[in-house]
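Enquirer: Pasting in a structure now, in structure tokens, and then I'll have a few things to ask.
The values are calculated or read from the model by the stated rules, or taken from the named source; none is laboratory data. These figures come from a predicted structure and were not determined experimentally. Heads up, the Cβs are rebuilt from the backbone with ideal geometry, glycines too, and the neighbour counts pull from every protein chain shown. The accessibility values were calculated without ligands, DNA or RNA, using every heavy atom of the protein model including side chains. Shrake-Rupley method; radii C 1.70, N 1.55, O 1.52, S 1.80 Å.
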Amino acid sequence: AEDDARGAVAELDELGVGSLDVVVGIAASGITPWVLGGLAHARSCGCGTVFFTCSPSAAASVDVDVVIVPEVGPEVVTGSTRMKAGTATKLVLNTVTTGAMIRLGKTYGNLMVDLQPSNAKLRDRMTRILSTLAGLDTDTSRSRLEAAGWELKLALVMELCDTDADTARQRLAAAGGRVRVAISGHGIGG
């Protein structure tokens with residue numbers, strides 16, 4: 001599949017990518033046709049494009065908005081990009097996704113606040129996060145989360161702004177889901 005330059009087109013079309021999206025193509029060697037074809041198609045759809053490769057020579061030949069090229073040097077085992085390039089890829093993607101989560105308002109301070117209460121472990125984590133951020137004991141945090149339908153961001157805005165769920169929901173909506181913006185004007189940092 002990686003040799004098919006049109007292989008990514010159907011998948012990108014199925015996702016309906018467009019001018020509000022950014023497509024990141026990852027090709028450690030810099031020459032994978034599936035990735036390059038996908039990036040060209042994404043660009044034709046008006047997407048922002050990022051090319052991530054560990055090959056400085058390949059990076060210059062791809063028409064994208066942003067190029068990320070960690071210089072890892074030669075692999076220990078020639079012909080294998082799973083070691084140095086694979087490790088560099090993981091580190092860079094962790095950095096990119098962390099930055100995206102922050103920009104999208106999924107954090108408050110250094111804590112994740114956009115969690116789904118899909119299991120006991122995550123509900124416990126949400127309770128601890130609310131306790132930490134709002135200075136509440138565990139039982140009060142759990143009670144606030146239950147009142148907010150286990151929406152941590154909603155419970156946090158309710159608590160920090162001393163308001164009801166409807167008002168907190170309106171504040172979050174007006175703030176694009178960003179807690180820091182939703183609570184601004186209440187003398188609370190984040």
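Enquirer: Being within 22 Å of residue 102 (Cβ to Cβ) and assigned to a loop (DSSP other than H, G, I, E, B) is the filter here, so list the residues in region 146-170 that pass it.
Expert: 151
Enquirer: Looking only at region 90-129, count every residue that is aliphatic (A, V, I, L, M), more than 19 Å from residue 140 (Cβ to Cβ) and not in a helix (DSSP H, G or I) and tell me the total.
Expert: Residues that pass the stated criteria total 2.
Enquirer: Go through (1) open to solvent by 30 Å² or more (accessible area, probe 1.4 Å); (2) not in a helix (DSSP H, G or I) for residue 143 and report which single condition fails.
Expert: (2)
Enquirer: (1) at pLDDT below 95; (2) not in a loop (DSSP other than H, G, I, E, B): which one isn't true of residue 177, the others all being true?
Expert: Just one mismatch for residue 177, condition (2).
Enquirer: Find the residue count for region 61-82, including only residues that are of a type outside the set (Gly, Ala, Ser), at pLDDT below 85 and farther than 30 Å from residue 45 by Cβ.
Expert: Qualifying residue count for the region: 6.
Enquirer: For region 81-114, how many residues meet the condition of being of a type outside the set (Val, Ile, Thr), under 23 Å from residue 173 (Cα atoms) and open to solvent by less than 60 Å² (accessible area, probe 1.4 Å)? Quick ask: steps written out before the conclusion?
Expert: So in region 81-114, the residues of a type outside the set (Val, Ile, Thr) come out as 82-86, 88, 90-91, 93-94, 99-101, 103-106, 108-112, 114.
Next cut, under 23 Å from residue 173 (Cα atoms) only: 99-101, 103-106, 108-112, 114.
When the remaining residues are screened for being open to solvent by less than 60 Å² (accessible area, probe 1.4 Å), the result is 99-100, 105, 108-109, 111, 114.
Of the residues in that region, 7 qualify.
Enquirer: Separate question: Select from region 64-105 the residues that are within 21 Å of the chain's Cα centre (by Cα) and acidic (Asp, Glu) and list them in ascending order.
Expert: Within region 64-105, the subset within 21 Å of the chain's Cα centre (by Cα) is 64-70, 86-105.
Across region 64-105, the qualifying residue is only 65.
Enquirer: Return the residues of region 51-64 that are in contact with a Lys or Arg (Cβ under 8 Å, 6 or more places away or on another chain) and either open to solvent by 50 Å² or more (accessible area, probe 1.4 Å) or among the basic types (Lys, Arg) (or both); say none if nothing qualifies. Reasoning before the result, please.
Expert: Pass one, region 51-64, residues in contact with a Lys or Arg (Cβ under 8 Å, 6 or more places away or on another chain): 54, 63-64.
Selection gives 63 alone.
Enquirer: Looking at 127, 167, 163, can you tell me which residue is open to solvent by less than 70 Å² (accessible area, probe 1.4 Å) and within 26 Å of the chain's Cα centre (by Cα)? Write out each step before concluding.
Expert: Numbers: 167 fails: within 26 Å of the chain's Cα centre (by Cα); 163 fails: within 26 Å of the chain's Cα centre (by Cα).
Result of the check over 127, 167, 163: 127.
Enquirer: List the pairs whose first member sits in region 131-159 and is at positive phi, whose second member is modelled with pLDDT under 95 and open to solvent by 20 Å² or more (accessible area, probe 1.4 Å), and whose Cβ atoms are under 7 Å apart, counting only residues at least 6 apart or on separate chains?
Expert: Listed pairs, sorted by first residue: 150/117.
Enquirer: If residue 43 meets every condition in (1) on the phi > 0 side of the Ramachandran plot; (2) free of Cβ contacts under 8 Å to residues at least 24 places away in the same chain apart from one, which number is that one?
Expert: In the conditions (1) on the phi > 0 side of the Ramachandran plot; (2) free of Cβ contacts under 8 Å to residues at least 24 places away in the same chain, residue 43 misses (1) alone.
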